[in-house]
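The values are calculated or read from the model by the stated rules, or taken from the named source; none is laboratory data. This one's a predicted model, so the numbers in the text were calculated from it and none came from an experiment. Cβ atoms come from the backbone with ideal geometry, glycine included; neighbour counts cover every protein chain shown.
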Amino acid sequence: MLTGRTLLRGMLRAERGHIIGAIALLSCWTAGEALVPALVGATIDHAIAGQSLPLLVVWLAALGLCFLMLSSGYRLGARLGNSGMNRQVHLMRTRIAEHVMDPGYRPATARMPGEIAAITSVDTTVTATIIRQASLGFSALAGLLVCAGYLLWANLWVGLAVLAITPLGMAALRWLTPRLSRASDRLQSDIAASGAAAADLMAGVQVLRGIGGQDQASERYRAASRSAATAGVASASATGRIEGAQVLISGLVLLSAASLGAWQVAEGAMGIGTLLGVLGVAQFLSTPLGTLVSTVEAGTRSIAAADRVAALLADGGRQPGTRRPAAQPDAALALDVPGLGERPLVFVPGRFTVLVCANDSMRHRLAKLLSEGSENPGTAAVREGTAAAAARLLVDGIDAAQIDPAYLPQLLRMAPHQAHLIEGSVKENIVGDAALPDPQTLQLLLRASGVDELLGTLPDGLEHQVQGRGHNLSGGQRQRIALARALSGGPLARVLHDPTSAVDSVTEANIAQGLVQLRAHAASNGAGAGTLLVLSTSPTLLHAADEVLFLAADGSITRSTHRALAENTTYEKVVGR
């Protein structure tokens with residue numbers, strides 16, 4: 001099973017070449033930074049104190065080479081580390097996009113689009129930061145070794161003091177790390193929640209204004225934002241404690257080095273230049289030490305972020321089907337749902353059938369099944385309270401879950417209630433890259449979806465540009481374009497869910513009449529009208545249907561026509577408007 005730690009390990013293995021190269025180059029930087037005060041001290045002791053111009057030139061040249069090494073090492077090492085980090089960010093984002101856009105994606109955990117966007121944009125970056133921090137951390141360790149080696153060479157007592165204090169400081173920082181990890185995890189989770197709330201608020205702002213719910217939605221976002229702010233303060237406090245401890249440890253190291261160094265100079269065991277070098281190296285020691293602390297901190301953040309990325313990637317990753325049966329316009333559709341009085345519930349092939357549910361819970365369950373093609377067994381178990389068989393959609397006797405998800409749209413066109421439009425023309429939203437059908441079929445298609453009336457209000461007709469998610473269209477206009485897309489593609493078995501809920505009654509009547517005419521035209525061409533199943537309570541669609549199946553609250557099923565079922569008081573109550 002994919003976890004955050006396995007995700008991080010795989011990332012580090014994939015970038016090991018870049019990480020090793022970055023460590024080597026960045027080690028030149030940290031070693032060079034540590035050697036600068038040492039070279040300055042040596043210049044004072046050997047060249048200036050001895051008043052030797054040739055030695056001064058030699059030591060200044062060595063100092064210049066040291067600066068060249070450290071500047072080049074940082075520039076090239078940082079480039080290697082950042083390139084590996086950015087490549088893994090791109091790969092993770094691509095992997096998430098492929099995962100959630102896969103036709104077989106059926107997550108067990110419901111996530112709002114804003115939450116998925118926050119994980120994709122924020123958590124992937126935080127996760128991949130471990131590559132850069134690992135390079136900096138190991139190079140900082142090299143800098144610490146150079147510092148310790150120089151201090152021990154310059155004076156044994158000073159070196160031992162530094163080597164004794166530094167591990168104690170690292171142990172103290174290690175004690176603070178778990179607290180920061182919990183705070184960081186809570187912060188990233190709350191940021192994702194607030195981002196999800198904001199995205200969903202903006203997506204439904206027009207509807208919220210219409211029903212007067214903007215105040216409640218705004219308060220929901222404010223609550224999520226306050227929670228993220230509180231978590232941010234807690235995370236900043238934990239970070240501040242670690243940074244304060246870092247300053248304290250660096251100060252203790254510098255104080256110890258200065259005190260012992262002054263004593264050694266007074267004893268005649270060290271020169272003035274060496275003392276200056278020792279103090280400079282001891283002061284620089286805070287830089288690699290701080291980098292190690294930052295590496296630990298970044299590691300805890302990366303683990304927390306990787307856990308959320310892994311949870312998203314591991315959710316909904318069931319083994320997809322592989323079967324590819326031959327496409328049949330008049331395919332036999334059936335529902336095998338626990339609790340129904342007829343299992344499987346078979347719909348007559350080639351006919352226009354409307355399914356009416358008296359039970360809201362069953363209606364929502366069937367709507368989800370008919371829009372996704374399968375049901376998560378875990379969801380079924382939760383619904384039933386015990387281990388339960390998942391509901392199934394059968395296409396010519398084959399479970400839709402066993403069919404290749406990428407191939408399923410060629411057998412069955414499933415159109416959910418919510419209309420999703422892409423940025424592009426109206427034509428592209430209906431037929432994609434395919435060519436338009438012949439003029440007569442196109443006219444019938446546009447009438448059967450109500451798009452013919454819509455085109456009269458659009459200056460560019462089918463070439464009218466639709467903004468992302470159809471924001472420049474009303475809900476009814478988006479629904480009509482989505483219905484046209486569901487009806488396009490020639491003879492095909494189709495499942496629709498409330499396809500006319502956002503249009504007025506006159507338009508709905510025209511759509512119902514247009515559906516009948518479009519199906520009659522397809523049948524006259526010899527290709528077959530195609531099996532059409534609609535989940536709806538619209539009297540207009542019910543009247544136009546060849547057959548109506550009424551699913552009562554007790555699971556019993558009645559097959560008839562809308563006119564005959566109108567005498568049933570329970571049915572009339574469900575479909576009455």
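Quick notes
- Inspection of segment 272-284 identifies no residue that is modelled with pLDDT of 80 or more and under 20 Å from ALA118 (Cα atoms).
- Per-region count, segment 3-35, residues farther than 29 Å from ALA311 by Cα and in contact with a helix residue (DSSP H, G or I) (Cβ under 6 Å, 6 or more places away or on another chain): 14
- Qualifying positions in segment 78-111 - under 24 Å from ALA390 (Cβ atoms) and either of a type outside the set (D, E, K, R) or touching a helix residue (DSSP H, G or I) at 6+ places or on another chain (Cβ under 9 Å) (or both): HIS99, VAL100, MET101, PRO103, GLY104, TYR105, ARG106, PRO107, ALA108, THR109, ALA110, ARG111
- Contact annotation: residue pairs with Cβ atoms under 7 Å, 6 or more positions apart or on different chains, pairing a residue in segment 472-491 that is without any contact (Cβ under 8 Å) to a residue 12 or more places away in the chain with a partner that is buried (at least 21 other Cβ atoms within 10 Å of the Cβ), are ASN472/VAL466.
- The lone exception for GLN443 - which of (1) under 35 Å from the mean Cα position of the chain (by Cα); (2) of a type outside the set (Lys, Arg); (3) not in a strand (DSSP E or B) it fails: (1)
- Matching entry among SER361, SER425 (being at pLDDT 90 or above, among the small types (Gly, Ala, Ser), more than 22 Å from ARG519 (Cβ to Cβ) and more than 25 Å from the chain's Cα centre (by Cα)): SER425
- Of all residues making up segment 520-570, the number that are of a type in the set (A, V, I, L, M) and more than 30 Å from THR441 (Cα to Cα): 7
- Considering only residues in segment 320-340 that are of a type outside the set (A, V, I, L, M) and more than 21 Å from ALA390 (Cβ to Cβ), the one that is surrounded by the fewest Cβ atoms within 10 Å (Cβ to Cβ) turns out to be ARG324.
- Test result for LEU496, surrounded by 22 or more Cβ atoms within 10 Å (Cβ to Cβ) and under 28 Å from GLY475 (Cα atoms): yes
- Within segment 279-295, residues that are closer than 12 Å to LEU252 by Cα have Cβ atoms under 6 Å from residues that are among the β-branched types (Val, Ile, Thr) in these pairs: ALA282/VAL253; LEU285/VAL253, counting only partners at least 6 apart in sequence or on another chain.
- The single condition among (1) on the phi > 0 side of the Ramachandran plot; (2) out of contact with any Gly (no Cβ under 6 Å at 6 or more places or on another chain) that ALA486 does not meet is (1).
- Just one of the listed residues (GLU453, GLU423, GLU463) is surrounded by fewer than 18 Cβ atoms within 10 Å (Cβ to Cβ), among the acidic types (Asp, Glu), in the same structural domain as VAL503 (by TED's automatic domain parsing) and under 28 Å from ASN525 (Cα atoms), and it is GLU453.
- VAL100 being under 12 Å from the mean Cα position of the chain (by Cα), surrounded by fewer than 20 Cβ atoms within 10 Å (Cβ to Cβ) and within 12 Å of ARG308 (Cα to Cα): no
- Within segment 499-546, the only residue that satisfies the criterion of being charged (D, E, K, R), buried (at least 16 other Cβ atoms within 10 Å of the Cβ) and touching a residue at least 60 places away in the same chain (Cβ under 8 Å) is ARG519.
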